[in-house]
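What follows is a single structure, written as structure tokens, with notes after it.
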Amino acid sequence: KLKCVAHSLQPHHPRAQTRPGPLSCSVRERQFTYPQLTQQPSLSEHTRPEVLQSFHLTRSIDLCRMLHQMKLILFAGWLGSVAAGGALIGSSSGHPQVDGPGADAWKPVASGAKVPVAQSVESESEKPTAAGHAESRGPSASHESNAVPEPPNVPESAGWEAQFAWGLYHSKTACMRGSAGRWALDRKGSRAGVPQEMLRAEELLDSAVRGAPAEEQRKKLAERALRLYYHAKWLAERNHATAAEWRYREASRLALQTRRKVLAAHALGRFGYFLIHWNRRQEAKEVLYESRRISAKSNPLAPYLLGVLERQDAGADLERLKAAEELILNGGEQPSEDLEAERQAMVKVIHYWREAQTSTRNCFASADAAFVAICLIGHLFQR
């Protein structure tokens, strides 16, 4: 429409035949201001209304374009804030490779997301139970040592202690290997493929615990639960979801039998963490709630991940949003450096928006231009 009106001033138009050339070109290129245009002596009474209409139409189109660009900027800023608040776990250039015949069908996760390796796990310590007495000290759940284990100097047939020693040896060596070697079908547990050495370790540990005397069974069962936790972690980091899921749940169940609540809760917490990366959000929520129910103390991972999920799902519900943010703020230090760095970044974002609600001056506390624009527009609409 703008071009049509502008061309109406060309010489072929009957009204413009007496005033061709520079004037119409100047109007089309918008070289005149509005006061200058209204005072042009070269405009006749016939051409003046059409020229002014063209000028107003040009200004209207410019204003529409400016508003459209502002909408695009605000929408991009909103997407950026959602991405900053909803990013669970860092970014990487690719996904871990899944090799071997026992690999589950690989399921893609969110673009850029990765499954980082857990660097540490809380160690089990003496804590009061509901009955009022202290739990006995459980096995250490610290990160695996990189030292190559020595094979036992006794045959597997030498009794339950020898079986347990060989089970620990095979478990540690299987978790230390980058490649799993040969795979086998786990017919008794997950019904999925697992490394053959890992499966052999689990069979030996199970047989040893069953053959141990009553006074040793609880301690050895706790160690078996810990080894299952490490097997689950090894499999989950390589996206063998079915095999990992069964071992996380079994590790938590066995830990509860031996009253190792911290280990039981942490196994479910880590399982929920991987469920999020496998895009099984509802299942992740259920697992994380169960983890928090088992142990509300010494369990920083579950409330933090629940807060992240609830914050993404809160929408316009301010009460739900604030409750989710409180879970993140009170989550405590996370069991890995990557998770703690992400929590700290999210804490800064939460504090920024809470302070920005009080004054427009606080909108400029962020270096993110999208945050500043959204904050200012929000204050503008509140007035």
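Karplus-based coupling profile of the range 187-194, in residue order and whole Hz: 7, 8, x, 7, 6, 9, x, 9, with θ = phi - 60° in 6.51 cos²θ - 1.76 cosθ + 1.60 and x standing for Gly or Pro. For the range 298-358, the square roots of the Cα gyration tensor eigenvalues, ordered a ≥ b ≥ c, give a/c of at least 1.5 with a/b no greater than b/c, which places it in the oblate category.
Distance from the Cα centroid of the range 313-383 to that of the range 239-269 is 33 Å (rounded to whole angstrom).
For Q334, the amide hydrogen comes within under 5 Å of the amide hydrogens of E340, counting only partners 5 or more places away or on other chains and with H modelled in the peptide plane. Accessible area per residue (1.4 Å probe, heavy atoms of protein chains only) ranks C375, C175 as C175, C375, with the largest value leading. Put simply, the amide H of A192, placed in the peptide plane, has neighbours under 5 Å in D186, leaving out anything fewer than 5 places away on its chain.
3J(HN,Hα) couplings calculated from phi for the range 371-381 with the Karplus curve 6.51 cos²θ - 1.76 cosθ + 1.60 (θ = phi - 60°) are, in sequence order, 4, 4, 4, 5, 4, 5, 5, x, 5, 5, 6 Hz; Gly and Pro show x.
The values are calculated or read from the model by the stated rules, or taken from the named source; none is laboratory data. Note that the coordinates shown come from a computational prediction; the quantities given were computed from them, not determined experimentally. These area figures cover heavy atoms from the full protein model, side chains too; ligands, DNA and RNA do not enter into them. Shrake-Rupley method; radii C 1.70, N 1.55, O 1.52, S 1.80 Å.
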